[in-house]
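Some notes on the structure that comes next.
The values are calculated or read from the model by the stated rules, or taken from the named source; none is laboratory data. Small disclaimer: the values here were computed from a predicted structure and weren't measured. Glycine also receives a Cβ, built like all others from the backbone with ideal geometry; neighbour counts cover every protein chain displayed. In case anyone asks, the SASA skips ligands and DNA or RNA and just uses the protein heavy atoms, side chains included. Shrake-Rupley method; radii C 1.70, N 1.55, O 1.52, S 1.80 Å.
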Amino acid sequence: MKLKFFIFLSFLLGIQHIFAQSLSQAQLNYNEFVKQFSANGECDNAYGALFNSYKEYMAVLDSSQPGSEEYGQSKARLEKMMPYLYSGAFYYTKKGNQNNTNIFVEAYVSVCVHNAFKNDNIEKGDDYPTFAWMAATNAYNAKRYEKATLFLTSYINSGDATRRNEAFYYLAKAYMNSGDNKNAKYILEQGLMYSPDNQPMLVAIINLLGESKEDDAALQRYVTRALSFKPSDEGLLNIQAQLYERTGEFENAILFYDKLGQMKPQNLEIARHLAICNYNAGVVYATDADKLEQMTDKKGRKEAKVKREQANVFFERASEILNQVLYNDPLAFKYAIALANVYAYLGDEAKLSEINERIIDLGYQP
């Protein structure tokens, strides 16, 4: 135990020594900045020393414990250098040095959004929203999504509305690229509260919900909204059709698959969906008819007859499309079984026998 304590104590002393060295080097660089700035005003040497000092103080701040002496020293110095980081960005903008402009912009924004200052209500320059947007764009394009989410959130919180829609969109995309679909969904919902008709955000949340299949009610709301702008959009029609099919609204699904079929009359996948939806719609009506026929009253029997006729309509169309599917895909076993069920229901013994032979040829029992 004594040996372990000695090792642990040595480890702590080692960390403190590293912090002391880092703080000492950070102070030396800051002193060099003051020296150069006092003698020559704004110049590359001054801002180079400033940026080196910023990096060293930020490293200590990120790795030390809040409340520690090192933490407090680094925080105080970073707050003091903020106006110079701000002016450094403009200095390099005037020189046409975009790379260094971006470096100072991100440095300034990184201090502003750091947890150490979240309760301090630090004063930010008038151009802060522009800086936050620039830093976010650079981070996003470089695929540094954790930084991008931080900067984009800060831009949105600034209250500036100039690029608010884009900020919500790219913040959601940054979360998606990081595998955080829960936060992506939340951000898109918030963005659409500000701009209900924003099409990029609508497309993004529809695709997200369509892939996850976890919130069909929300998906339906957004698809309905998007279709009001683009009623003939193939992607939206396909999502709506699949959504209706997934939720058991087969007649509505048929309406949308029919629209898609008119756009792509030779598409086998659309034909497959149409066949199954017509088959399932027929099953629903046939089941309802069976239940109603067990009722003894005249009204029930009358309703059963209507249901039975409707079932026949869907089964007839299902048989037509199922035959098309099997013509193009002769080995599609489940469609052959569905067609056999249709012929059995319709009482077409000849065609039932024919499809049963095909099922046996496929190696299955009819």
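Taking every residue in region 340-366 that is among the charged types (D, E, K, R) and pairing it with any residue that is surrounded by 12 or more Cβ atoms within 10 Å (Cβ to Cβ), at least 6 positions away or on another chain, the pairs with Cβ-Cβ distances below 6 Å are LYS351/TYR343; ARG358/ALA336.
Consider ALA132 carefully, then state whether it is more than 24 Å from SER195 (Cα to Cα) and open to solvent by less than 20 Å² (accessible area, probe 1.4 Å). So ALA132 does not fit the description; no.
There is no residue in region 109-123 that is open to solvent by 70 Å² or more (accessible area, probe 1.4 Å), under 27 Å from the mean Cα position of the chain (by Cα) and either modelled with pLDDT of 95 or more or acidic (Asp, Glu) (or both). Of the numbered criteria (1) assigned to a helix (DSSP H, G or I); (2) of a type outside the set (Val, Ile, Thr); (3) open to solvent by less than 90 Å² (accessible area, probe 1.4 Å); (4) within 27 Å of TYR364 (Cβ to Cβ), the one PRO330 fails is (1). Do we find a residue being in a helix (DSSP H, G or I), open to solvent by 60 Å² or more (accessible area, probe 1.4 Å), within 30 Å of LEU152 (Cα to Cα) and at pLDDT below 95 anywhere in region 26-34? No: region 26-34 contains no residue that is in a helix (DSSP H, G or I), open to solvent by 60 Å² or more (accessible area, probe 1.4 Å), within 30 Å of LEU152 (Cα to Cα) and at pLDDT below 95.
SER63 falls short on exactly one of the conditions (1) open to solvent by 60 Å² or more (accessible area, probe 1.4 Å); (2) of a type outside the set (Lys, Arg); (3) more than 23 Å from ASN177 (Cβ to Cβ); (4) out of contact with any Phe, Trp or Tyr (no Cβ under 9 Å at 6 or more places or on another chain), and that condition is (4). Going through (1) under 22 Å from VAL284 (Cβ atoms); (2) in contact with a Phe, Trp or Tyr (Cβ under 9 Å, 6 or more places away or on another chain) one by one, ASP329 falls short only on (1). Of all residues in region 195-220, those satisfying the criterion of being among the acidic types (Asp, Glu) and open to solvent by 70 Å² or more (accessible area, probe 1.4 Å) are ASP197, GLU211, GLU214. Taking the criterion of being among the charged types (D, E, K, R) and within 17 Å of TYR30 (Cα to Cα), the residues of region 75-123 that qualify are LYS75, ARG77, GLU79, LYS80. Checking region 254-271 against the condition returns no match, with no residue being over 26 Å from ASP216 (Cα atoms), in contact with a Ser or Thr (Cβ under 9 Å, 6 or more places away or on another chain) and in a helix (DSSP H, G or I).
If only residues of region 221-234 that are open to solvent by 40 Å² or more (accessible area, probe 1.4 Å) and part of a helix (DSSP H, G or I) are counted, the one that is nearest to LEU274 (Cα to Cα) is GLU234. Against the conditions (1) at pLDDT below 95; (2) open to solvent by 70 Å² or more (accessible area, probe 1.4 Å), where does GLU269 fall short? Just the number, please. Against the list (1) at pLDDT below 95; (2) open to solvent by 70 Å² or more (accessible area, probe 1.4 Å), GLU269 comes up short only on (1). Annotation note: of GLU106, GLU79, GLU146, the sole residue that is under 18 Å from GLY48 (Cβ atoms), assigned to a helix (DSSP H, G or I) and either out of contact with any strand residue (DSSP E or B) (no Cβ under 8 Å at 6 or more places or on another chain) or not hydrophobic (A, V, I, L, M, F, W, C) (or both) is GLU106. Assess whether ASP126 counts as being at pLDDT 95 or above, open to solvent by 30 Å² or more (accessible area, probe 1.4 Å) and assigned to a loop (DSSP other than H, G, I, E, B). No: the conditions fail for ASP126. Select from region 279-331 the residues that are polar (S, T, N, Q) and over 18 Å from ASP258 (Cβ atoms) and list them in ascending order. Matches in region 279-331: THR287, GLN294, THR296, ASN312, ASN328.
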